[in-house]
Amino acid sequence: MTQRMPLQPALQRALDRAVAEAEKSWSEGGIPIGSALVSSDGIIVAVGHNRRVQDHDPTAHAEMVCFRAAGRRRDWSALTLVSTLSPCHMCSGTAMLYRLRQVVIGENRSFQGAEEWMQQAGIELTFADDERCVALMRRLLEERPDLWAEDIGE
């Protein structure tokens, strides 16, 4: 378990939006994971939620949907990715490809993604250990373990 780090107000707002996106996905019958991209001046430039169930798309993880919503940009290295769950290798790879400076992880108790890989690439990780994020994943694991196994390729 990681120690909870208090977030700056802009990052807390982004995490709140990511949680709202995760809840939206769950209400649509999907996997409750959400993300947001926030600029260095605190503006949320894009949000996304896991849509792999809804769209029948195995690459539609919350972070990937968020990256797509952000569109073409030249300021990737000034953005922070905020995700309710530790990003998988695909999503971490995209964060590294675009040289994001920071990733905020809502929770990594239920799944520890490619954290070491991102750190080796110079991405600063912030662990929120947010109880809402923990509760969303706990609910998924208890009520729909089949969806979670499918999402992580088991």
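The values are calculated or read from the model by the stated rules, or taken from the named source; none is laboratory data. Given the structure is predicted, the values throughout are model-derived calculations rather than measurements. So basically every Cβ, Gly included, is an ideal-geometry build from the backbone, and we count neighbours across all protein chains shown. Please note that ligands, DNA and RNA were not included when accessible areas were found on the heavy atoms of the full protein model with its side chains. Shrake-Rupley method; radii C 1.70, N 1.55, O 1.52, S 1.80 Å.
Under the classification rounded if a/c is under 1.5, otherwise prolate if a/b is larger than b/c and oblate if not, where does region 1-92 fall, given a ≥ b ≥ c as square roots of the Cα gyration tensor eigenvalues? Oblate, because a/c is 1.5 or more while a/b does not exceed b/c. Taking 7 Å steps out from each Cα toward its Cβ at Asp146 and Glu131 produces label points 3.3 nm apart. Largest GNM mean-square fluctuation among Ile105, Ile43, Ile33, using the chain with Cα springs under 10 Å: Ile43.
Remark: relative contact order (the chain) = 21 percent; criterion is Cα-Cα distance under 8 angstrom and separation of 6 or more residues. For region 34-154, carbon and sulfur atoms together expose 48% of the accessible surface, with a 1.4 angstrom probe and every protein chain in place. Measure off 7 Å from each Cα along the Cα-to-Cβ vector at Met90 and Asp41, then give the distance between these two points in nanometres to one decimal. Taking the simple label geometry, Met90 and Asp41 are separated by 3.4 nm. Projected label points at Arg68 and Trp117, each 7 Å from Cα along the beta carbon direction, are separated by 2.0 nanometres. GNM remark for the chain: springs join alpha carbons under 10 Å apart, and the peak mean-square fluctuation among Glu124, Glu142, Glu107 falls on Glu142.
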